Amino acid sequence: MTGRSISPAVIKRLPRYYRYLGELLENGVERISSKELSNGMKVTASQIRQDLNNFGGFGQQGYGYNVEYLHSEIGKILGLDHIQTMIIIGAGNLGQALANYNFDRIGFHIIGIFDVNPRLEGLSVRGIEIQMMDDLPAFLEENRVHVAALTVPKKSARPIATQLEELGIRAIWNFTPTDLHVSEEVCVKNVHLDESLMTLSYNFRNRGQEKYSYRSYMDDKD
Ligand code: NAI
């Protein structure tokens, strides 16, 4: 890695490279030209070169890219080359759905689920027992936790984020529909499915149009 800062747009594209290269690997593809990579990913070859040059290239003139090497190097850049531990705060519908998903595939291992509802205490989701929030401080003293997923009701989100920061958590995967107030020490990634759905709605309603105008939106509404 170069140590200099990489643009958020590039960082955003890296998981897609990683996933696509992973699929190529599963299909036994050993190397790929930047043109093939570009066609497969619907990203221009020059964009790919520019993106990967941020991290020192990885391609060889006349050879293209070694798929396994590129996949593993992008994995390292994304921090996926070592197991990261995750806890889930809020064991309701979404928290349990996350706990049921296999994030181990990409190196994230869920080691704890926490809630305040005593009726959930001791229930297991995918082999992980739900614990009470009161047990969280002791748990964090005994276990190194890299990421906390936040799936609590909106009103509880900010106080819990503050508590998590005080307890040493430095990465929060925030599913609650609120902006968290934490210091710059803490990385927050917001996930909002409804925003994605709104974008889909926009694209669907304006498909085939080069440009979207307020007039066409009003026409759609009529
Ligand atoms: P839910 O009501 O099924 O689950 C919330 C859980 O949080 C409950 O088990 C409750 O006991 C627990 N809880 C309440 N206060 C707590 C506290 N102080 N500490 C620990 N646990 C606490 O709700 P659901 O449907 O799972 O949604 C959870 C959150 O995720 C909500 O904020 C919701 O708006 C959000 N959400 C976000 C989505 C997204 O795309 N980002 C999609 C769906 C939900």
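The values are calculated or read from the model by the stated rules, or taken from the named source; none is laboratory data. Keep in mind that this is a model prediction, so the values were computed, not measured. FYI the Cβ positions are ideal-geometry reconstructions off the backbone, even for glycines, and counts take in every protein chain you see. Please note that ligands, DNA and RNA were not included when accessible areas were found on the heavy atoms of the full protein model with its side chains. Shrake-Rupley method; radii C 1.70, N 1.55, O 1.52, S 1.80 Å.
For this structure, a couple of remarks:
- Accessible area of the stretch 8-77 belonging to carbon and sulfur atoms, whole % at 1.4 Å probe: 47 percent
- Accessible solvent surface per residue of the stretch 9-73, calculated while the other protein chains remain in place, 1.4 angstrom probe, Å²: 60 Å²
- In the stretch 84-191, Cα pairs under 8 Å separated by at least six residues give a relative contact order of 25 percent.
- Amide H contacts of Val29 (H built 1.01 Å from N, under 5 Å, at least 5 apart or other chain): none
- This model, with +1 at the C-beta of Lys and Arg and -1 at the C-beta of Asp and Glu, gives the stretch 1-114 a dipole about its Cα centre of some 420 debye.
- Over the chain: helical MRE at 222 nm, DSSP H runs n ≥ 4 each giving -39500 (n - 2.57), nearest 500: -13000 deg cm²/dmol
- Overall, the chain carries a charge dipole of about 920 debye about its Cα centre when +1 sits on the Cβ of Lys and Arg and -1 on the Cβ of Asp and Glu, all other atoms neutral.
- Reciprocal mean inverse distance between Cα atoms of the stretch 105-200 - Kirkwood radius, Å: 14.5 Å
- Lys/Arg +1, Asp/Glu -1 at C-beta; the chain dipole; positive extreme among Ser34, Ile74, Val182: Ser34
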